[in-house]
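Structure first, then comments.
Readers should treat all values here as calculations from the given coordinates under stated rules, not as data from a laboratory. This structure is a prediction, so every number in the text was calculated from the model and none was measured. Quick reminder, even Gly has a Cβ in these numbers, built from the backbone with ideal geometry, and neighbours come from all protein chains shown.
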Ligand SMILES: Cc1cc2nc3c(=O)[nH]c(=O)nc-3n(C[C@H](O)[C@H](O)[C@H](O)COP(=O)(O)OP(=O)(O)OC[C@H]3O[C@@H](n4cnc5c(N)ncnc54)[C@H](O)[C@@H]3O)c2cc1C
């Protein structure tokens with residue numbers, strides 16, 4: 001692992017811990033999931049003196065990224081701005097940069113998984129891979145976490161299980177005839193010049209559509225909210241990223257991409273393949289299985305019942321990203337929401353690694369001053385009112 005150099009300052013209270021596959025049966029803090037949310041939070045927690053931590057991961061480190069379809073790449077660029085206080089957007093620790101260690105600006109999934117594994121190894125994060133959490137119980141004092149390698153008792157728990165376990169399907173009749181964008185089959189079909197309907201026109205829908213247009217297919221993207229035209233604001237959680245917009249322009253230039261406004265109502269199979277009908281009565285033929293690029297739910301798995309929900313169904317959190325109904329249970333990752341703020345990119349949810357670590361450190365009366373390093377690196381936002389998202393130009 002080549003860590004990006006910084007001109008100032010070096011971490012003051014980093015505690016190196018040996019990498020392990022089996023964790024102690026009792027921990028001060030257990031993190032579930034070894035993606036960027038889990039490894040990043042564990043790194044911040046590891047600066048707390050005398051706080052035992054561990055990470056459990058059902059696959060390998062960065063499993064979700066390792067599972068990404070070959071053609072999928074990051075849409076947030078990586079760049080080694082670390083030394084000048086502009087930490088690489090996709091970095092999970094201030095001293096690292098995927099651009100530096102991978103030598104690419106838009107990593108693919110396999111590359112980013114390599115970066116995560118290298119960071120975990122470099123900083124000796126104790127990760128038990130091949131360990132699935134199957135059930136979690138809270139008794140007020142601690143959590144009993146049942147895993148495929150036996151139970152672990154943890155005083156605090158950080159859920160960082162990601163969103164990929166919960167692909168969402170829209171209320172469309174026969175939605176099961178379609179394939180979700182997270183399924184690698186969505187990237188393989190169809191053959192050259194076939195017609196394909198993609199339901200959902202935000203990042204993953206446009207990404208897929210551009211991929212298939214590039215392969216020679218004719219693609220219709222159907223979305224009633226036409227996010228490709230979203231006007232106001234500069235938050236990429238509501239706007240297509242610049243790289244996606246450039247790809248979209250190129251795909252439109254081929255004449256093989258159609259962006260259609262409409263809400264999908266049903267999918268049927270006919271002798272030519274499939275037919276997607278909209279609520280307005282429009283018909284969109286698809287010779288291959290239509291694709292649902294309709295996003296993901298919070299993916300809370302065995303802790304789903306330990307969070308209250310907002311009116312929109314996302315988990316309700318305190319200002320410290322803790323469950324409002326289960327003290328000691330924290331959340332990091334793309335399911336984080338505070339009012340209208342969505343933390344669905346690495347550069348957003350990483351702002352909360354130190355917040356969770358400080359809250360846990362304060363609760364155990366530990367010295368949290370080492371976390372100021374995260375703030376100096378621009379990787380800690382504890383005042384969310386500062387997350388203005390409108391650029392002047
Ligand atoms: C198509 C797509 C493209 C994206 N592109 C970008 C991008 O360009 N830039 C960006 O910043 N963000 C991007 N994101 C958003 C976000 O960064 C990713 O979703 C990222 O994977 C979230 O990180 P995570 O650590 O929360 O989840 P994950 O990376 O999914 O990690 C969660 C881990 O938890 C494990 N796990 C889950 N359940 C259990 C369990 N019960 N027991 C044990 N382990 C478990 C999983 O195996 C997995 O390894 C994208 C998201 C999607 C869907």
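Using only Cα atoms and rounding to the nearest 10 degrees, what angle (0 to 90) does helix 36-45 make with the longest principal axis of the chain? For helix 36-45, the angle is close to 10 degrees. Compute the Cα gyration tensor for region 303-379, then decide on rounded, prolate or oblate, letting a ≥ b ≥ c be the square roots of its eigenvalues: rounded whenever a/c is under 1.5, prolate when a/b is larger than b/c in the other cases, and oblate in all that remain. It comes out oblate by the Cα gyration axes.
On the beta carbon distance between residue 144 and residue 250, with R0 = 45 Å, the FRET formula returns roughly 0.30. Quick one: angle between helix 109-122 and the longest Cα principal axis of the chain, in degrees between 0 and 90, rounded to 10, please. Helix 109-122 sits roughly 0 degrees off the main axis of the chain. Label sites at residue 279 and residue 312, each approximated as a point 7 angstrom past Cα along Cα to Cβ, lie 1.8 nm apart.
Once both labels are positioned 7 Å from their Cα atoms along Cα-to-Cβ, the gap between residue 121 and residue 164 label points is 2.0 nm.
What's the long-distance tail for region 175-292, i.e. % of Cα pairs beyond 21 Å?
Percentage above 21 Å: 32.
The calculated FRET efficiency for the pair residue 184 and residue 266, based on their C-beta separation and a Förster distance of 30 Å, comes to about 0.75.
Size descriptors for region 267-345, from the alpha-carbon set: Rg then Dmax equal 18.8, 56 Å. A protection proxy built from the mean count of other Cβ atoms within 10 Å ranks the segments 87-96, 298-307, 354-363, most packed first, as 87-96, 354-363, 298-307.
Between residue 319 and residue 382, full extension at 0.36 nm per residue minus the direct alpha carbon distance yields a gain of 21.8 nm. Using only Cα atoms and rounding to the nearest 10 degrees, what angle (0 to 90) does helix 242-253 make with the longest principal axis of the chain? Helix 242-253 and the main axis of the chain meet at about 10 degrees.
Computed extension length for residue 134-residue 364: 80.1 nm, one decimal, from 0.36 nm per residue of separation with the Cα-Cα distance subtracted. From largest to smallest, the equivalent ellipsoid semi-axes obtained for the chain from the alpha-carbon gyration tensor read 38, 23, 19 Å.
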